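Heads up: the structure comes next, in structure tokens.
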Amino acid sequence: MTALLSVIGLGKKFGGLQAVQDLDLTLNEGEILGLIGPNGAGKSTVFNLINGVFPPDAGRALLEGREITGEPPYRVARYGLARAHQIVQPLLGMSVLDNCTVGACFGRENLPLHRAREVAREVAQGVGLGDRLDTLASTLTTAGKKRLELARALSARPRVLLLDEVLAGLNPTESERMVHTLRRIRESGIAILMIEHIMRAVMSLSDRIVVLNLGRKLAEGTPQEIANNPEVIAAYLGDPQRMPEAEGVE
Amino acid sequence: MVGILASVIDGVLVGAVYGLAAMGMTLIWGVMNVFNLAHGPIIMLGMFVLYLVATAFGLPPYAAIPATIIFGFFFGVALYWIAVHRMIGRPELMSLLSTFAVNLILIGLGTALWTTSPYNVPVEMPGVTWQGYTFTGTHIVAAALAAVIAGLLYLLLYRTRIGKAIRAVANNREAAELSGIPTTQVLSFAFGVGVALAGVSGTLIATLFPFTVLSGEIYQLKSFVVTVLGGLGNPAGALMGGIALGLVEGLATPFMPVSWIPIVEFGLFVLCLIAFPRGLFSALKR
Amino acid sequence: MWRRAFPWVIASAALLYALFPYVTNDVQLRESLLLAAVYIILASNLNLVIGYAGYVNFGNIVFFGLGGYICLYLVNDLQWPVILAALAGAAGVSALALVFGLGILRLRGAFFALATIGVNAAIAQLVTNFEPWGGATGIYLAIDAYEPLGGPMQALWTIYLLIVGLMAASLLASYAIRNSKFGLGLIAIGENENAAAVLGVPTPLYKALIYSASAFLPAMAGGLYFFKSGIIEPGGAFSLRTSIEAIVMVMLGGSGTVIGPALGAFLYEESRGYLLTAEAFSHFQLVIAGTLLLMIVTFVPGGLLGFVHRWWPRTRRWLE
């Protein structure tokens, strides 16, 4: 298995707070890696460090062997890494199709406008937005906006997809559809690194899981191994909100 | 040498008044993220209050100060509701344009009332002579009054409940709202204070120099420079920034032609914006 | 782009615009239309930065003024032919804009707006102190400068045509950019710069390019306009008031659209002309302008075209 994305010794400090420390992570081709941990563990920070929102204080990040440490977001996107945010960022004044076209134009393939529009159309349809291509992003429902966030990231036809809590705020039916969609994405050859709090989904989707606590890697392994890891359970028990989810109850 | 020192001291005195003007601007920005582009005409109105009080009504000139503060405050609150309230939370361009609209309206009305001729209000104040240089009495009084008013602002912000509310809203509006603070009222109050500060600085400036309906514009630009120097949203910084600007002007005057000084100021301004977005003083603190 | 209807509409309208005063031989009309055309050029190009990329260039007039100064200096002191001089001015100003832009485009929102005011004010002051360019009094064009164009009367007509040409170029450029990949990236930046960057839009490059590009045609128009006027001085060349009126025009017509700014500029300029001539209103021109601006910003921020698009959504497709 080739490592598509590797993170070595990543660290970041904000003022007095060590948000991420000494993190090693590998994402292999064709796999879904779940990134979990209690609130404040530093998961979103890790994403920000990887895709260039801010540079790390220590460590390196490599995409397909290429150094992307500290590179600005647009360059990382061009190298083939796309991201869907926890708090969605639709381009509100533009249509669904135009939103995805931006992704297709400026992503890994750097397509010309016409071709990009075709790709965008395909991707949007694949994600279930085919009936709303010309709607303004601002008029979509929350579920629609989440779907758009994903579609836009996919339109870039990335090699690696960073997903930040894409299941949050979805009802069970929508959730089920999204899980289905994510599986299809993996099958199409895109590797996924996903932050997720909804344990049932993470456990069933991920090939491997990395647990973060207080900025450090606490454990790594298959979903089975993680579910039975006493340290992981303790970390979640220490965070009372998460306890029911850690036990697999929604 | 003494000449330069005298120039610098005088610059510092006038700078205190610049600082006062900028305090109004920076307070408004700090609390509601709005740049008041009507700042210049408001300064101009303060100047004309002096004219009205001293010349039209024949009262002692410095009586204009409380008059400007009171009228300025209520005028500011009215302006808030007319031009600013609906722009809060919308893209910054909107409030820039709405306050600029007020700028246009005020200049238009001012021109209609007073034309663009120069006005002068002679204020008699004994000066202070030192080493053969005379420091104009009005400059000293203006600086002193600026300091006093700045002190009053400090008391308002740090020793009253409304001041606390203002600081809370400036810090985090949502949190303040959730704590039960009536943020909209606080915003309008803060805007009134900011306008009052700008107005009274105009009144003080009018005791120093002659002025026209268009004079406010230069002081608005100077206020921008000072606000950026001192750090946006930081009234203490604004006062220091004003004094610093006055210092720069005082230092520069003996050495370069007057018309070059604005170039230095604007150059400093753009540089500061790019290099020290949080103000020169917070950068120096580190 | 010539396969679509819209550019042909623009080109035909420009042709009519150019020919109308010729046909009627109405000099006053020509003057009025020329001024409107200049404003259309300013507004359309400003729209590229404000409407597309979302950066508010308050000091946009600096391109116009500096272009005017460079052109007049080259014509008056170095005897360059006017068109070449205007082009040189445009190239020079664009290059300068690129350099400045790389610096100030790092700033966001109001900070950027302030910085553009600072740049305009600084350059105005520099020019006021620059003796080779006439300092505070400015440059007065010698009357024989018009000889190569066939004398003053003929020159005025030629300049008019050239400016209408620049106006057409501005509108066509707006259209071409808006429907290109570059334009898509710019509009994404205008919507949400951070999201655009994450999507791969090379934000620093695109911003600098559009800022620089938006300087070219106004600078050239400035050269031609001040050549026609015969004089240029710092106050008129770098007037912050005019700069902001350009913004008002963009907002009035509809920021981010192709013809919105042109409509806004035309309407504003024509009504202003009317107001100015009506003696009673001259004082109140500013009051009216200010009130108009306040109304637009408060109630119809999308401007004319925004209003039309909102009530008749189908027009979004063809009325850009």
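The values are calculated or read from the model by the stated rules, or taken from the named source; none is laboratory data. Bear in mind that the values here come from a model prediction, so they are computed numbers and not experimental data. Ideal geometry is used to build each Cβ from the backbone, glycine not excepted, and the neighbour counts take in all protein chains shown. Note: accessible area is taken over every heavy atom of the protein model, side chains too, but ligands, DNA and RNA are not part of it. Shrake-Rupley method; radii C 1.70, N 1.55, O 1.52, S 1.80 Å.
Report note on the peptides C:219-232, B:141-154, C:51-64: ranked by the mean count of other C-beta atoms within 10 Å, highest first, their order is C:51-64, C:219-232, B:141-154. Taking chain B as a Gaussian network, Cα atoms linked when under 10 Å apart, which of B:Val226, B:Val169, B:Val193 shows the biggest mean-square fluctuation? Result for chain B, Cα springs under 10 Å: B:Val169 fluctuates most.
Working value for region C:2-317: equivalent-ellipsoid semi-axes of 30, 24, 20 Å, each the square root of 5 times a Cα gyration tensor eigenvalue, largest first.
For A:Leu218, the residues 5 or more places off, or on other chains, whose built amide H falls under 5 Å of its own are A:Val211, A:Leu212, A:Asn213. Extending 7 Å from Cα along the Cβ direction at C:Arg317 and again at A:Ile233 yields two label points whose distance is 6.2 nm. Among the protein heavy atoms, those of C:Asp144 account for about 100 Å² of accessible surface (1.4 Å probe, every chain in place).
Convex hull of alpha carbon positions in region A:86-157: directionally averaged projected area 4.1 nm². Each principal axis of the Cα cloud of region C:74-151 was taken in turn, and the coordinate range along them, longest first, works out to 48, 25, 16 Å.
Once C-alpha pairs closer than 8 Å and six or more residues apart are averaged by separation and normalised to the residue number of chain A, the relative contact order reads 25 percent.
What quantity of accessible surface, computed with a 1.4 Å probe and excluding non-protein components, is buried in total between chains C and A, in Å² to the nearest 100? Each step should come with its number before you reach the end.
Working: alone 15260 and 11310 Å², together 24720 Å².
For chain C against chain A, roughly 1800 Å² becomes buried.
Placing C:Arg108, C:Arg310, A:Arg200, A:Arg159 in order of accessible area, with the largest value first and a 1.4 Å probe, yields C:Arg310, A:Arg200, C:Arg108, A:Arg159. Starting from one equal scatterer on each C-alpha and no solvent at all, send me the Debye-based log10 I(q)/I(0) for region B:104-208 at q = 0.10, 0.13, 0.23 Å⁻¹, two decimals. Each listed q corresponds, in turn, to -0.49, -0.72, -1.15.
Taking only alpha carbon atoms, chain A gives an Rg to Rh ratio of 0.96, where Rh is the Kirkwood radius. Each pair of Cα atoms in region C:97-241 enters the Kirkwood radius, and Stokes-Einstein at 4 °C and 1.567 mPa s then converts it into a translational diffusion coefficient of 73 µm²/s.
Magnitude of the charge dipole for chain B, about its Cα centre and with charges confined to Cβ atoms of Lys, Arg (+1) and Asp, Glu (-1), is about 760 debye.
Residues of region B:21-36 falling in the label zone of B:Lys164, defined by backbone nitrogen less than 20 Å from a point 7 Å along Cα to beta-carbon, are B:31. Under 5 Å from the amide H of A:Val20 lie the amide H atoms of A:Lys12, each residue being 5 or more positions distant or on a separate chain, with H modelled from the backbone and absent for Pro and chain starts.
Ordering A:Glu225, A:Glu71 by how much accessible area each has at a 1.4 Å probe, largest first, what is the list?
Most to least solvent-accessible, the answer reads A:Glu225, A:Glu71.
Grab the other residues whose beta carbon is less than 14 angstrom from that of B:Lys222, score K and R as +1, D and E as -1, and report the net. Once positives and negatives cancel, what remains is -3.
In region C:2-317, carbon and sulfur make up what percent of the accessible area (probe 1.4 Å)?
69
Take each residue in C:288-300, count the other chain C-beta atoms within 10 Å of its C-beta, and the mean is 6.
Mean projected area of the Cα convex hull of the protein assembly as shown, taken over all directions, amounts to 40.3 nm².
What full-extension length gain, to one decimal in nm, is calculated for B:Ala56 and B:Ile218 as 0.36 nm per residue of separation minus the Cα-Cα distance?
55.8 nm
Computed from backbone phi with θ = phi - 60° and the Karplus coefficients 6.51, -1.76 and 1.60, the 3J(HN,Hα) list for region A:37-49 is x, x, 4, x, 6, x, 5, 5, 4, 4, 4, 4, 6 Hz; x is used for glycine and proline. Between B and C, roughly 3500 Å² of accessible area is buried in total, ligands, DNA and RNA not counted and the probe set to 1.4 Å. Counting only other chain Cβ atoms within 10 Å of each residue's Cβ, the peptide C:122-130 averages 4. Between helix B:235-252 and chain B there is an angle of about 30 degrees, using the helix long axis and the longest principal axis of the Cα atoms. Rg over Rh for chain B works out to 0.97, using Cα positions for both radii and the Kirkwood form for Rh. Surface exposure of region A:86-157, expressed per residue as accessible area with a 1.4 Å probe, stands at 39 Å².
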